[in-house]
1. Please compute, for the alpha-carbon atoms of the chain, the extent along each of the three principal axes and give them in descending order in Å.
2. Taking the number of other C-beta atoms within 10 Å as the exposure measure, put E143, E267, E246 in order starting with the fewest.
3. Under 8 Å for C-alpha pairs, at least 6 residues apart: give me the relative contact order for the range 28-80, rounded to a whole percent.
4. Any idea what the relative contact order of the range 1-153 is, in percent, if you count C-alpha pairs under 8 Å spaced at least 6 apart?
5. Show me the GluC sites (Glu not before Pro) within the range 1-104 that DSSP assigns to loop and that have at most 13 other Cβ atoms within 10 Å of their Cβ.
6. For the charge dipole of the chain, defined by +1 on Lys and Arg C-beta atoms and -1 on Asp and Glu C-beta atoms about the Cα centroid, which residue among I247, N25, Y166 has the Cα displaced farthest towards the positive pole?
7. Could you put D87, D275 in order, starting from the residue whose Cβ has the fewest other Cβ atoms within 10 Å?
8. Could you work out the relative contact order of the chain? I mean the mean sequence separation of Cα pairs under 8 Å and 6+ apart, divided by the number of residues, in percent.
Amino acid sequence: MSDSAPYTPPKVWTWNKANGGRFANINRPVAGPTHDKELPRGKHPLQLYSLATPNGVKVTVMLEELLALGHSGAEYDAWLIRINEGDQFGSGFVRVNPNSKIPALLDCSAPEPIRVFESGSILLYLAEKFGAFVPTDLAQRAECLSWLFWQMGSGPYLGGGFGHFYAYAPTKIEYAIDRFAMEVKRQLDVLNRRLAESPYVGGDAYTIADMAIWPWYGALVKGLIYEAGEFLQVQEYTHVIRWADEIAERPAVKRGRMVNRVTGPLEAQLHERHDASDFDTQTQDKLSK
């Protein structure tokens with residue numbers, strides 16, 4: 001433990017704009033737009049505004065899985081929102097998601113466009129719209145949705161908790177890292193026990209529960225986020241690893257991970273997606289440079 005004096009919270013909290021490390025330029029204690037900027041619109045019914053963070057990957061995987069099933073109405077335009085530059089605070093984006101977080105979806109197939117925000121809500125909206133990847137049996141549906149909301153509730157401990165303090169915080173705080181590492185390992189144990197008795201998280205079928213959980217916990221055990229596998233001893237969670245490996249090999253998952261990605265190998269990045277052919281043409285363009 002550090003020998004420095006313990007922190008005593010002030011009577012009234014005040015915003016220190018310089019405090020926030022890597023994300024200090026976009027973190028703020030108020031909502032609403034910071035600038036006027038309209039969102040682009042493409043030719044497809046579904047307009048997605050996102051970035052390939054784990055929450056963004058959930059939705060692009062879902063859309064690619066729907067297209068793989070033959071749902072032509074799931075064609076979409078994916079527009080890049082650079083959250084590190086504050087695109088999510090533009091007036092057009094805030095109208096689609098007043099919470100200024102990616103991903104955000106606009107369904108233009110209705111007489112009046114329908115906005116959908118929060119990644120779990122988008123997955124459920126698309127599942128119900130196309131009648132896919134969510135069970136219709138009452139008990140199976142309840143199981144699937146319970147795990148979907150488990151991820152939505154547990155994800156902040158992995159991302160904003162462990163991920164922030166372990167990978168991004170300007171100061172390493174032992175208590176914070178220990179606290180969130182313990183919780184993430186507990187969550188991995190919950191998932192491991194479930195996958196010991198079931199091939200997929202929701203049961204026998206691949207569902208939106210898997211699509212929600214894999215970009216976080218699957219990516220964690222596969223070393224795709226935070227590079228914390230050794231620290232967390234993820235090799236202990238053999239059933240999670242089996243499940244994560246299987247899902248990673250799905251062609252739609254491979255495509256979905258590319259969309260709106262701006263990090264990693266160039267051949268794995270597709271900044272915007274407006275047609276299925278973009279996976280071939282843009283990847284080849286990058287490889288030829």
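1. Over the chain, Cα extents along the principal axes are 61, 51, 46 Å.
2. E267, E246, E143
3. 48 percent
4. Reported relative contact order: 22 percent.
5. E38
6. N25
7. Numbers: D87 21, D275 14.
Listed from fewest to most nearby Cβ atoms, that is D275, D87.
8. Numbers: 421 pairs, mean separation 59.5, N = 289.
Rounded, it is 21 percent for the chain.
Computed from the coordinates by the stated procedures, all read-outs in this text should not be read as laboratory data. Quick caveat, the model's predicted, so the values are computed rather than measured. Here Cβ is always computed from backbone atoms with ideal geometry, including for glycine, and neighbour counts include all displayed protein chains.
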